[in-house]
Amino acid sequence: MLTARSTASSPLDIIRLTLEMLSQGHTVPASLSEHFDSVLSSAKKLTQDPSNPPNRTPVEAIHLAFELLSRQALRQELADINGLRDLDKNRASRLLAEMELSPVHP
Amino acid sequence: MRQIIAQVQEKIDELAPEITRELTMQVWAASRYLSGSVSREIPYEVVYGLDLALTDWVTSPPKYIVTTAFLAEMNYHFEGVPEQFYDLAERTLGVRFNHRVVQVALPQLYKHQPLNNSLLYHELGHFVDQQHGISKLMLMMSTFDPNTTMSDLKIALSHNAEYFADLFAACYVGDAVAVMLGSMAPNYGDSETHPATQKRISVVQDFLGDKDNLMVQSCNKALAVQGLPLLSKRFKSPDIASCFDNVRPYQIQSKEEVHGLLLAGQRYLVQSVGNLTGLWANVSEGDAIRMINDLVEKSLRNWMVREMWQHDRTSQNGA
């Protein structure tokens, strides 16, 4: 862009959608649950040594890793979470609220 | 898109309401890239060059459908239906798309002024960045200080994105991007969203002059991690003077010259205006600008026709 412009969608929309479903007590389809676990795992790997990222990291994992590196509260909230199975309704709500706070674009 | 709408309607009782809402919102968002597009007035020559450049960065399907829109303001964009939409449609409805829709938007007034549209390559750079997370990777791969404020991070990220887009454009149109920046944003200082114009020009000039530059290195490191081509000069600026002096289109020889013609045309324009001689001697400056843009358009169109002709002949011979 030559000038500032906001965008309605976020690269982490599917992650947010998954958390929203969980926080509302709805069943998350396996395809979304697996996706959540995969993105989270790749993002955590990336945060361990961001100066030396794994090759061909999925773009969603890059965005989530960036959020984790730049926001301590989110990092702490996800520290002991390794997949959707580790989340309950309340934690999903807290995570969602944390992610909504200050998304960093682009 | 119709298939998505039909499937959502059919499965409305099975799908979680969050999924239905997200898909519906995404279809609405996608529709603006289709319904707002012009089909009878597309500046095919400009879109052709961008489409050609895009193929350098997409090595496997899906294919891209590039639509066009005109803006009533001095702005450009190159953006598309978010990748998450296609992903969500496949994961929740099993609908797989073979094509991706992206839209090029440019000022209405410039629809037949290809030399003013070289900045669209900058916008294409943003698109490639967003598809692969390049500017975020650049920031993460540099010394990442977790104590940096969110505000400073946003600024650093925006500046990385602009430098990358400038360098991406320079790969295709060379110095033309620096000239356009100097003309459109002269002496602009650092802002929250954009680095100072002089810094941007300096990075582009270092790249084009093969000088070491930390920003260029940073971009290339991130591109390498993502398995993408490194920044390199993908244009050849042809010698158009003998043709344009005689008010004749130039016969483009290669796809590198498709991009490079914008640089050559811009140089020709800058040199000619204010110094019109020969066949141009009695032409007004305004007409000269329009005619030089016309010559660039015609040169590109001739190449496009020859390429299509050649492609058809090859297909027929192979059949």
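Among the helices (runs of 4 or more DSSP H) lying completely within the stretch A:1-101, list those that include at least 1 residues that are at the interface with chain B (Cβ under 8 Å from one of its Cβ atoms).
By residue number, A:13-23, A:30-48, A:59-70, A:72-78.
Is one or more of the residues making up the stretch B:81-94 closer than 22 Å to B:Ser60 by Cβ, touching a residue at least 40 places away in the same chain (Cβ under 8 Å) and within 14 Å of the chain's Cα centre (by Cα)?
Checking the stretch B:81-94: not a single residue is closer than 22 Å to B:Ser60 by Cβ, touching a residue at least 40 places away in the same chain (Cβ under 8 Å) and within 14 Å of the chain's Cα centre (by Cα).
Output the residue which, of all residues in the stretch B:1-41 that are hydroxyl-bearing (Ser, Thr, Tyr) and either touching a strand residue (DSSP E or B) at 6+ places or on another chain (Cβ under 8 Å) or over 16 Å from B:Glu90 (Cα atoms) (or both), is modelled with the highest pLDDT.
Ranking the candidates gives B:Ser31 first.
Could you tell me whether any residue of the stretch B:142-157 is surrounded by 18 or more Cβ atoms within 10 Å (Cβ to Cβ) and either on the phi > 0 side of the Ramachandran plot or modelled with pLDDT of 95 or more (or both)?
no
So which residues in the stretch B:239-263 are part of a loop (DSSP other than H, G, I, E, B) and either out of contact with any Leu (no Cβ under 6 Å at 6 or more places or on another chain) or aromatic (Phe, Trp, Tyr) (or both), if there are any at all?
B:Asp239, B:Ile240, B:Asn246, B:Arg248, B:Tyr250, B:Gln251, B:Ile252, B:Gln253, B:Ser254 - these are the residues of the stretch B:239-263 that are part of a loop (DSSP other than H, G, I, E, B) and either out of contact with any Leu (no Cβ under 6 Å at 6 or more places or on another chain) or aromatic (Phe, Trp, Tyr) (or both).
Between a first residue in the stretch B:126-141 that is under 14 Å from A:Phe66 (Cα atoms) and a second residue that is among the basic types (Lys, Arg) and surrounded by fewer than 24 Cβ atoms within 10 Å (Cβ to Cβ), which pairs have beta carbons less than 6 Å apart while being 6 or more apart in sequence or on different chains?
Filtered contacts from the stretch B:126-141: B:Met141/B:Lys221.
In a helix (DSSP H, G or I) and hydrophobic (A, V, I, L, M, F, W, C): does that describe B:Val216?
yes
Across the stretch B:132-150, what is the number of residues that are under 20 Å from B:Leu223 (Cβ atoms) and assigned to a helix (DSSP H, G or I)?
Count: 9.
Inside the stretch B:152-171, can you point out the residues that are facing chain A (nearest Cβ under 10 Å) and touching a residue at least 24 places away in the same chain (Cβ under 8 Å)?
Hits for the stretch B:152-171 are B:Lys154, B:Ser158, B:Asn160, B:Ala161, B:Glu162, B:Ala165.
Just one of A:Leu46, A:Leu95, A:Leu68, A:Leu64 is more than 30 Å from B:Leu228 (Cα to Cα) and buried (at least 19 other Cβ atoms within 10 Å of the Cβ); which is it?
Working: A:Leu46 fails: more than 30 Å from B:Leu228 (Cα to Cα); A:Leu68 fails: more than 30 Å from B:Leu228 (Cα to Cα); A:Leu64 fails: more than 30 Å from B:Leu228 (Cα to Cα).
After ruling out the rest, the residue left standing is A:Leu95.
Can you tell me how many residues within the stretch A:21-61 are in contact (Cβ under 8 Å) with a residue 40 or more places away in the chain and within 12 Å of the chain's Cα centre (by Cα)?
Selection size over the stretch A:21-61: 6.
Hey, any hits in the stretch B:193-211 for a residue that's in a loop (DSSP other than H, G, I, E, B), touching a helix residue (DSSP H, G or I) at 6+ places or on another chain (Cβ under 8 Å), away from chain A (no Cβ under 14 Å) and of a type in the set (Ser, Thr, Tyr)?
no
Which pairs have Cβ atoms under 9 Å, sit 6 or more apart or on different chains, and link a residue in the stretch A:73-86 that is among the acidic types (Asp, Glu) to one that is surrounded by 12 or more Cβ atoms within 10 Å (Cβ to Cβ)?
Close Cβ pairs (under 9 Å, with a partner that is surrounded by 12 or more Cβ atoms within 10 Å (Cβ to Cβ)) amount to A:Glu77/A:Arg91; A:Glu77/A:Arg94; A:Glu77/A:Leu95; A:Glu77/A:Glu98; A:Asp80/A:Asp86.
The values are calculated or read from the model by the stated rules, or taken from the named source; none is laboratory data. Note that the structure is a prediction, hence the values are computed from the model and not measured. Please note: Cβ atoms are built from the backbone with ideal geometry, for glycine as well, and neighbour counts cover all protein chains shown.
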